[in-house]
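Read the structure below first, then the notes.
The values are calculated or read from the model by the stated rules, or taken from the named source; none is laboratory data. Please read all numbers here as calculations on a predicted model, not as lab measurements. Reconstructed Cβ throughout: ideal geometry from the backbone, glycine too, with neighbour counts over all protein chains shown.
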Amino acid sequence: MQKGFTLLQTIAISGVFSAVSGWYGFMFGRESARKELGGLIEDLRNSNSDSVSPTPSHSQE
């Protein structure tokens, strides 16, 4: 009975592992960035609503 893996099996296993870990890394990074940007957007919205004078638009010129 052979207990080792063939070269093709080793390459296939490493490919599957790389694909799965890459996918989870991508999804985790995307979720982390979404949370961070969501916080920044809320901070900007709150600071804009608290401002005294509105920003002038270019259409008034």
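So, in the range 1-40, how many residues would count as being modelled with pLDDT of 90 or more and either more than 9 Å from the chain's Cα centre (by Cα) or surrounded by fewer than 10 Cβ atoms within 10 Å (Cβ to Cβ) (or both)?
Qualifying residue count, the range 1-40: 19.
Applying the selection to the range 41-56, what residues are at pLDDT below 80 and either surrounded by 10 or more Cβ atoms within 10 Å (Cβ to Cβ) or in a helix (DSSP H, G or I) (or both)?
Of the range 41-56, the ones at pLDDT below 80 are 48-56.
Listed by number, the residues that qualify are Asn48, Ser49, Asp50.
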